Structures are given as C-alpha cells and as structure tokens.
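Read the figures in this text as sums done on the coordinates, not as results from a lab. Small disclaimer: the values here were computed from a predicted structure and weren't measured. Neighbour counts run over all protein chains shown; Cβ positions are idealised from the backbone, glycine included.
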Amino acid sequence: MTQKIEPQPGILDIAPYQGGASKVAGVSDVVKLSSNENPYGPGDAAIKAYRDASHNLHRYPSTDHAELRAAIAEVHGLEADRIICGVGSDEILTLLAQAYAGPGDEVLFTEHGFGLYKINAQAVGAIPVEVAERERITDVEALIGAMTERTRLVFIANPNNPTGTMIGANEVARLADSLPPKALLVLDGAYAEYVEGHDGGAGLIDSRENVVMTRTFSKIYGLGGLRIGWGYGPAHVIDVLNRIRGPFNLSSGALAAATAAVRDRDHVQKSRRENTRLRAWLAEALAELGVPSDSSCGNFLLARFASEEEAIACDLYLKSQGLIVRPVGSYKLPHCLRITIGDESSCRRIAHAVGQFKGGAR
C-alpha cells in the first residue's frame, strides 16, 4: 500500500521568501545595500554584552526574557508583562497568525506590504486578502472596505517596507476603530525607530484591546545576525502567544546583546541622525538624475525608474560596480529598486554609479 504524505492545504502555494543578495559573482569587494541593515552595526555596549555571554554558553537561556522585557519597558514606557520577545519580529508575526487565523478566515495586508504576511496566512490555511494602496501609501479606506466578518488579522507596516511611506496616528486609530469584533490590527514597526518621536502605536494599544505592535533589533540596533524582536499588546493576546512560542526561543547571547542595545540610546540617536541626513542627501541626488522616490521614513529609498527594463539594467550596472541593492518586482514594483541608506561613502558611490548609468543610457 502506497501512502501519500501531504502538507496542510495552502503550504505548497507559498513562494519561498528571498532575502537580499550579499554576493556578486566575480566581484570580491561589494557594498551590500539590499537588506536595510544599519551600516554602523551594533553599538559597543551590545558587542560587549554578547562577548560576556559567551562565558555561559553551557547554560540554558531564560525562558521568560524578564531582563530584556524590563529594559524594553523602561526605555519605551511600557508594561513589561505585556511584552513578548521572539526570533526577530518575524516569529511574533507568525505566532499571531497561528493563534488567531485558520481555514476560512481572512488575513488582510496591503499590496506592497512585507511578503511574510501572505506567507503566514497561507501557512495556517487562511485566505490572504491583498488590498490596494494609494500611490504606494497604505489606504485606510480601502482596508476598511475589504473587511468582512471573516477578517481575523490586518497587517500593516508603518513605516512600510519596501515603499518607506507611512500613515499618521489618526489614520491608524481610524483603522483600529473600524475592525470587525473578532479581528486584530497588527502594526509592524520594524522601522519605527527611524521616525523621531514615533511610538509605533504603543499609545493606541494602551487604550484598546484589538491592536498589537511588533518591533525588531535587526534594523537600527544593528543586531540582524542575532534574530531578536519583540511585541507589545493587550494582556490577553500576549498570554495566548506565550502559550505557543518555544520556551527557549532566544539564545543567551541574543538576550544579553538586546538588553544592552535597547539601553544604548546614544547609538540609536546617532544611527537615526545619520540615516536622516544621508537619506535626504541621496534622495535629492537621485532625483536630480531623474530617479524619483517617495518621502521615506525608513532606512532605505524606493528608487523609481521609467520602466522595468531600466530598473533591471541599472541593477545589473550597480552589481558590476560592486553595489548590491534590492529589486522589488516580487512586491509588484518591477520598475523600482530599494536602496538601503548606507554610510556616506556608500551613498556617494550609489549616486555616482546611477549617474554613470543614466549618462551611458542616453
């Protein structure tokens, strides 16, 4: 008797996620601007904490992440008991889908939103519902119009990746107030720290029972290699997520580094300040070359070209110069390239190379 072993419905429909490239064949000295990483890396305090943790690698890590949650709560003015930590914010997004969506349920996200939202919906057998944006900006009215009694999760990134655009607190509140009774609004704040004074939706969460936010240490804190993130939400949601997360999901080194990093406000402020300065400079330099971008609130620009063919050609030319950026055709933006804001040298190299490409194309 032949048995046919099959995965759950929806899983084979998932296109595997592709991260930003880091190598170019035949080029040894490359600048990676494809994954929105902090070009300055982690701060000294985080590096020291990680090294110190190496002396206790034979010990299991904390299961309740109490020290890290206390540090996050202290810095951001939150309740530690309503914070959950995960393997990047990705794990928390996945746990939310596992806990609150299933076959027949609907999961909403915007047309240029992070690819993991759709993957998570498909993985639990839910129906992914893609909602149109308005000129690459989250359209709250369209999201409200797409909601039904089957809606369980609404994912928005604010600022959004890969567009860099964001909507204001009043619009986010309007979206939260329009949710069906059984739905949660999930605010993905991976780039929240790049916006001065932005709380990622924490104030909204404190006054509602249907909003959750996620954050990460992979971007401004420079700890992408350690895979650590956190979420904040109503007590009833955090309780549910803690019941299904792995008990030892975070390593001792990751916990120690993140605890030090969240308290290192000088490194965060320096990284944000330099990103803001160089983002404005690069946006203007590219615009002068005929390559516009929307006003970005993240650590990247979405450079728009005249056509998909021009974007592909420019990407190939940049690679030949050792510059790796991110084509975003998979995000339905085939005529665009997402360019991480690197250090000053990297930004100047990008502007120079695009200028050479545009000059050669004429």
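Protection proxy ranking of 204-210, 220-226, by the mean of other Cβ atoms within 10 Å over each peptide's residues and highest first, is 220-226, 204-210.
Using Cα pairs closer than 8 Å and at least 6 residues apart in sequence, work out the relative contact order for the stretch 44-263, in percent. Result for the stretch 44-263 is 29 percent.
For the listed peptides 68-76, 242-250, 91-99, a ranking on the average number of other beta carbons within 10 Å per residue, highest first, reads 91-99, 68-76, 242-250. For trypsin sites (Lys or Arg not before Pro), the sites in the stretch 99-173 that DSSP calls loop and that have at most 16 other Cβ atoms within 10 Å are ARG134, ARG150. When the chain is described by a simple charge dipole with +1 on each Lys and Arg Cβ and -1 on each Asp and Glu Cβ, the residue from VAL240, LEU33, ASN299 located farthest towards its positive end is LEU33. For the stretch 44-263, the equivalent ellipsoid derived from the Cα gyration tensor has semi-axes of 30, 18, 15 Å, listed largest first. Overall, the chain carries a charge dipole of about 840 debye about its Cα centre when +1 sits on the Cβ of Lys and Arg and -1 on the Cβ of Asp and Glu, all other atoms neutral.
Note on GLU67 and GLU135: the extension gain reaches 20.2 nm, defined as 0.36 nm multiplied by sequence separation minus the Cα-Cα distance. Centroid-to-centroid, using Cα positions, the stretch 290-305 and the stretch 29-83 are 29 Å apart. Listed by chain and number, the lysines placed with their C-alpha closer than 20 angstrom to that of LYS118 are LYS182, LYS332; residues fewer than eight positions away on the same chain are left out.
Between the DSSP loop rule and a limit of at most 15 other Cβ atoms within 10 Å, which chymotrypsin sites (Phe, Trp or Tyr not before Pro) in the stretch 21-128 are left? Hits after loop and neighbour filter: TYR40.
For GLU149 and LYS48, the difference between the fully extended length at 0.36 nm per residue and the C-alpha to C-alpha distance is 31.3 nm.
Name the lysines eligible as straight-distance cross-link partners of LYS358: C-alpha to C-alpha under 16 Å, and not fewer than 8 places from it in the same chain. Those lysines meeting the cut-off are LYS319.
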